[in-house]
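Heads up: the structure comes next, in structure tokens.
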């Protein structure tokens with residue numbers, strides 16, 4: 001039974017559009033869903049329609065919606081202590097700091113809490129510059145690190161344009177994108193030329209000037225790009241060779257999304273800093289963090305840490321995180337993501353073989369994507385990079401079909417994502433994929449035409 005609401009679906013949407021701004025959108029074209037309730041892998045709109053959440057909202061509601069254990073922990077913390085300023089030591093801060101040190105790889109044992117991923121990335125590069133005394137930060141073109149001024153500059157995709165010229169010292173390199181690799185997509189096997197490209201850029205920029213290399217361990221909204229074997233290890237060696245800090249952005253890929261607690265564990269690489277958010281609280285409350293290795297954090301034993309946020313170590317967010325991590329452990333969600341990831345791999349490959357509009361499918365755990373093309377041989381995208389307006393006509397029809405048939409996911413350019421909550425069952429996964437299967441008839445028809 002859907003909860004009663006004092007506003008109709010139409011009135012909710014009308015007032016939201018009249019008085020609030022929706023992100024990354026021309027406001028006239030925004031068609032939001034009037035979301036009023038959610039549970040598990042589903043949510044409902046104000047008209048009572050149910051949707052399967054195939055994107056965990058924004059790749060963040062990892063444990064699923066409406067988990068009473070987390071909600072109860074938030075309520076109990078609110079009753080006890082809803083806020084303490086960042087100079088206070090609280091029980092939630094003590095317990096979460098200890099827990100993160102236990103589950104994070106290697107000696108990533110110290111953290112600075114933020115309210116989200118963008119703030120975590122901002123502070124990570126600030127720390128890198130303070131510790132090394134260097135200024136340059138190497139990032140990739142197909143990256144997204146946040147919408148604040150510094151994080152937007154770190155971002156490679158077109159969302160950085162409005163923030164330019166941005167902060168100084170940011171240098172970009174190309175990505176390991178096997179399906180469209182400018183280095184080796186025409187080769188039978190990966191040559192790791194993408195790694196040598198990074199080494200070459202670092203050499204041109206002067207390694208002694210580079211404070212950090214900042215990467216999404218697995219690229220998120222720009223394509224679910226899983227690095228080839230040897231790439232991440234090579235970046236780690238490059239950093240070690242030149243005294244450069246390695247920062248891995250695990251805001252999306254962390255907390256079980258890839259079938260490991262953190263994606264870097266697939267390659268046994270420990271970064272100097274790791275930025276986390278989203279799955280940290282499963283987005284029940286805002287929270288992010290910069291995790292630091294002990295030797296890096298030791299710099300601030302005698303040197304001032306020049307960073308601060310009013311809501312750093314907010315007790316209610318920390319309580320939500322503690323309860324969320326407990327849910328991952330109690331319900332075995334990291335293992336479930338690995339198991340369901342194998343099912344997803346099999347089913348996505350089936351869709352690729354069946355539908356001529358599917359060019360490539362990629363996933364690691366429950367971090368998945370379907371890439372649509374006009375021609376499987378030429379690999380021409382169904383919508384070009386940074387597509388707008390009429391260029392998105394077919395993808396918009398696809399998205400409309402998803403919505404009409406009760407499936408919510410993220411459609412971007414010639415891609416759509418498959419990132420359900422980690423609590424999903426095989427039956428629920430198949431339910432969503434059946435809708436995807438039918439939707440692909442739309443893109444197939446466009447290709448044949």
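The numbers here are math on the coordinates, done by the rules we state, and not lab data. Keep in mind the model is a prediction, meaning the values are calculated, not measured. Because the Cβ atoms are built from the backbone with ideal geometry, glycine has one as well, and the counts that use them run over all protein chains shown.
Here are some notes:
- Unit Cα scatterers, Debye sum, region 66-143: log10 I(q)/I(0) for q = 0.14, 0.24, 0.25 Å⁻¹: -0.71, -1.31, -1.33
- Radius of gyration and maximum dimension Dmax of region 329-426, Cα, Å: 14.7, 47
- Centroid-to-centroid separation of region 275-299 and region 144-162 [C-alpha atoms, Å]: 20
- Among 220, 279, 389, the largest mean-square fluctuation in a Gaussian network model of the chain, built with springs joining Cα atoms closer than 10 Å, belongs to 389.
- Full extension of the chain between residue 349 and residue 149 yields a length gain of 68.1 nm, computed as 0.36 nm times the residue separation minus the alpha carbon distance.
- Antiparallel %, DSSP beta bridges [both residues in region 317-449], to 5: 100
- Inverse mean reciprocal Cα-Cα distance (Kirkwood Rh) of region 83-195, Å: 16.9
- Unit Cα scatterers, Debye sum, region 68-331: log10 I(q)/I(0) for q = 0.07, 0.09, 0.12, 0.14 Å⁻¹: -0.24, -0.40, -0.70, -0.94
- Residue among 143, 34, 313 with the largest mean-square fluctuation in a Gaussian network model of the chain, springs linking Cα atoms under 10 Å: 34
- Cα centroids of region 368-419 and region 54-113: 35 Å apart.
- Region 198-233-region 11-51 distance, computed between alpha-carbon centres (Å): 37
- Where Rh is the Kirkwood radius over Cα pairs, Rg/Rh for region 1-134: 1.05
- Exposure proxy for 382, 366: other Cβ atoms within 10 Å of each Cβ, ordered fewest to most, give 382, 366.
- Among 19, 197, a tally of other beta-carbon atoms within 10 Å of each Cβ gives an order, fewest to most, of 19, 197.
- Dividing the C-alpha radius of gyration of region 163-289 by 2.2 N^0.38 Å, with N its residue count, gives 1.10.
- Working value for the chain: equivalent-ellipsoid semi-axes of 33, 29, 20 Å, each the square root of 5 times a Cα gyration tensor eigenvalue, largest first.
- Directionally averaged shadow of region 222-275, computed from the convex hull of its alpha-carbon atoms, nm²: 3.8
- Listed by Cβ neighbour count within 10 Å, with the fewest neighbours leading, 74, 369, 276 appear as 74, 369, 276.
- Fluctuation leader among 261, 24, 44 - the chain, Gaussian network, Cα springs under 10 angstrom: 24
- Each principal axis of the Cα atoms in region 297-362 has its own extent, and those three values, largest first, are 60, 30, 23 angstrom.
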